[in-house]
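Novice: I have a structure here, written as structure tokens, and I will follow up with some questions on it.
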Amino acid sequence: MNAEQRIPAIQIENAGDPDFRARARKSLKDEQLRRNFRTAMDSLMTKRAAAFSDADERERLREMGNHIRARALSKLPELLERLEANLTRNGVKVHWAETVDEANNIVLEIARAHEARQVIKGKSMVSEEMEMNHFLDGHGIECLESDMGEYIVQLDHEKPSHIIMPAIHKNAGQVASLFHDKLGVEYTKDVDQLIQIGRRTLRQKFFEADIGVSGVNFAVAETGTLLLVENEGNGRMSTTVPPVHIAVTGIEKVVENLRDVVPLLSLLTRSALGQPITTYVNMISGPRKAHELDGPQEVHLILLDNGRSQAFADSELRQTLNCIRCGACMNHCPVYTRVGGHTYGEVYPGPIGKIITPHMVGLDKVPDHPSASSLCGACGEVCPVKIPIPTLLRRLREENVKAPDDPHKVMRGQGSKYSRQERLIWAAGACSTPARRCTACSASSPHAFAP
């Protein structure tokens, strides 16, 4: 194509989110950040490949995982009611929250009922959606992260940059400097020593906490069981040592029965970290019984919607809710690897963040997320439950440019990048070639260049 044939670049209105683009440019210039992510992602991709060395077995397992999640979502209202009934029978108090504000207020009510002043929290992405730490701090309640990665980012007043490894953007030297500055300990880059420093700091907090908070990996409707996987043991401490345990989870985490959990667990741990199984698999079905020596006296479950019903209502977008939060799509994404998690400015970064965040905050709040992708397809190829992420990204791009008066309303903030100017440019281009000219777009037509 010569210079005369090139289509001129024209600045159009609603061009996107300048903050997102500024963060991306800043991250691309941060050589240390780029090295940290490249090293970490290469390692995680290698581990996953080794964990799924048998391609046939991997694909059979992925197909099974997809069917299990699709079946659960097809029965979502029924399974949620069954989960509530069985948890209530087991002595767990179930709460429903449509928004993060409602969820936070439920936590606050429980805390006030127990005159709680200290909360210890295991890893939970839903609590990140709620910004629970900040909310409780505003009401005079300390909320301390006990997951090592989460503790590191909390100590540095940051947010997680990865859903499985929150501090993956930092190397050992950066963590050593942080601990030296914030905790007053001797500088060391020895990873084992850094872990021990964190453990010593957190250990006493488990016994001082009035409430322990955790996430939920899978909620089993058949038995009323909350399943939580981890490697550090902080989840088990957070859910058993404090007298009150509050679990928070999205409504999509429900599965039909315990049999379904087995393949999902294998997919989750192998996809996330290349492990056949995590060190701890916790199954919580109720508070401490009279004859038991440990465990909380009360267990609460908060089921949060926060835009999930919007995705559920659309048969195609519903596939977003299949996610089991393994992070494999991030680990293989060329965009995420280069700009890191903080560039996205939201709780969920990377490919899964691009398709779930618009439902949570509105497409108008993250207009560039669906477009921040090369559509290379790597995310869809490695997703353990076969979410067609590239297809969903294209669908969100379509929703992004719908006309404001489009009668088919699918989600909040749709049409955020609609531009009449852009429509006119495309229409003019389409009608400039004789072979594609149509009478409907003639200059004399009353609906020429209609949006």
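Novice: For the residues I355, I152, what sequence is obtained by ranking on other C-beta atoms within 10 Å, fewest first?
Specialist: Placing the least packed residue first, the sequence is I152, I355.
Novice: Using only DSSP helix segments of four residues or longer, with each worth -39500 (n - 2.57), what per-residue ellipticity at 222 nm results for the chain after dividing by its residue count and rounding to 500?
Specialist: The helix-only estimate for the chain comes to -14000 deg cm²/dmol at 222 nm.
Novice: Could you give each residue of segment 111-116 its phi-based ³J(HN,Hα) in whole Hz, using Karplus coefficients 6.51, -1.76, 1.60 with θ = phi - 60°, and x for Gly or Pro?
Specialist: 4, 5, 4, 10, 6, 6
Novice: Then there is this: Show me, for segment 417-426, the HN-Hα J-couplings you get by feeding each phi into the Karplus relation (A = 6.51, B = -1.76, C = 1.60, θ = phi - 60°), rounded to Hz, glycine and proline as x.
Specialist: 10, 5, 9, 4, 4, 5, 4, 5, 5, 5
Novice: Among all the lysines, which ones have a C-alpha under 24 Å from K386's C-alpha, if same-chain residues fewer than 8 places away are not counted?
Specialist: Excluding near neighbours in sequence, the set is K47, K75, K253, K354.
Novice: Please work out the FRET efficiency for the pair Q204 and R25, using the Cβ-Cβ distance as r and a Förster radius of 41 Å; give the result to the nearest 0.05.
Specialist: Values: r = 43 Å, r/R0 = 1.05.
Efficiency, from the Cβ-Cβ distance: 0.40.
Novice: Return a whole-number percent for the relative contact order of the chain, with Cα pairs under 8 Å and 6 or more residues apart as the contact set. Walk me through the numbers before you get to the answer.
Specialist: Numbers: 767 pairs, mean separation 91.4, N = 451.
With pairs under 8 Å counted, the relative contact order is 20 percent.
Novice: Give me the extension gain from V262 to D101: residue separation times 0.36 nm, minus the current Cα-Cα distance, reported in nm with one decimal.
Specialist: Stretched out fully, the V262 to D101 stretch lengthens by 54.6 nm.
Novice: Further, regarding this structure: Given R₀ = 41 Å, FRET efficiency for D137-A290 by Cβ-Cβ distance, to 0.05?
Specialist: Details: r = 36 Å, r/R0 = 0.87.
Plugging the Cβ-Cβ distance into 1/(1 + (r/R0)^6) gives 0.70.
Novice: Go through segment 177-182 residue by residue and turn each phi into a ³J(HN,Hα) via Karplus (6.51, -1.76, 1.60, θ = phi - 60°); whole Hz please, and just put x for glycine and proline.
Specialist: Each residue of segment 177-182 in turn: 5, 4, 5, 4, 6, 8 Hz.
Novice: Okay, moving on. Once fully extended, how much extra length lies between S371 and E59, figured as 0.36 nm per residue of separation less the alpha-carbon to alpha-carbon distance?
Specialist: Details: separation 312, 0.36 × 312 = 112.32 nm, distance 2.84 nm.
Gain in length upon complete extension: 109.5 nm.
Novice: Based on the mean of other beta carbon atoms within 10 Å per residue, what is the order of 80-93, 321-334, 228-241, most packed first?
Specialist: 321-334, 228-241, 80-93
Novice: Among S43, S146, which comes first, second and so on when ranked by fewest other beta-carbon atoms within 10 Å?
Specialist: S43, S146
Novice: Work out the FRET efficiency for K75 and D405 from their Cβ-Cβ distance, taking R0 = 41 Å, and round it to the nearest 0.05.
Specialist: So, using R0 = 41 Å, E works out to roughly 0.70.
Novice: Here is a follow-up. Among 65-71, 185-191, 212-218, what's the highest-first ranking by average C-beta atoms within 10 angstrom per residue?
Specialist: 212-218, 65-71, 185-191
Novice: Something else about it: Hey, rough spin-label estimate for A49 and R112, points 7 angstrom out along Cα→Cβ, what's it come to in nanometres?
Specialist: Each label point is offset 7 Å from its Cα along the Cβ direction, giving 5.5 nm.
Novice: Just to be sure I understand: of the beta bridges DSSP finds with both ends in the chain, what percent are antiparallel, rounded to 5?
Specialist: Counting only bridges with both partners in the chain, antiparallel ones make up about 25 percent.
Novice: Out of these labelled values of mean projected area of the Cα convex hull in nm², [x] 25.7; [y] 22.8; [z] 32.0, which was calculated from the coordinates shown here?
Specialist: Matching the structure shown: [x].
Novice: I would also like to ask the following. Sort the following peptides by mean Cβ neighbour count (other Cβ atoms within 10 Å, averaged over residues), highest first: 118-125, 28-35.
Specialist: Working: 118-125: 23.8, 28-35: 13.1.
By packing density, highest mean first, the sequence is 118-125, 28-35.
Novice: Shape of segment 350-415 from its Cα gyration tensor (a ≥ b ≥ c, root eigenvalues): rounded if a/c is under 1.5, otherwise prolate when a/b > b/c, or oblate?
Specialist: Here segment 350-415 falls in the prolate category.
Only the coordinates and a few stated rules stand behind these numbers; no lab work does. What you see is a predicted model, and the numbers here were worked out from it, not measured in a lab. Using ideal geometry, Cβ is built from the backbone for each residue, glycine included, and neighbour counts are taken over all protein chains shown.
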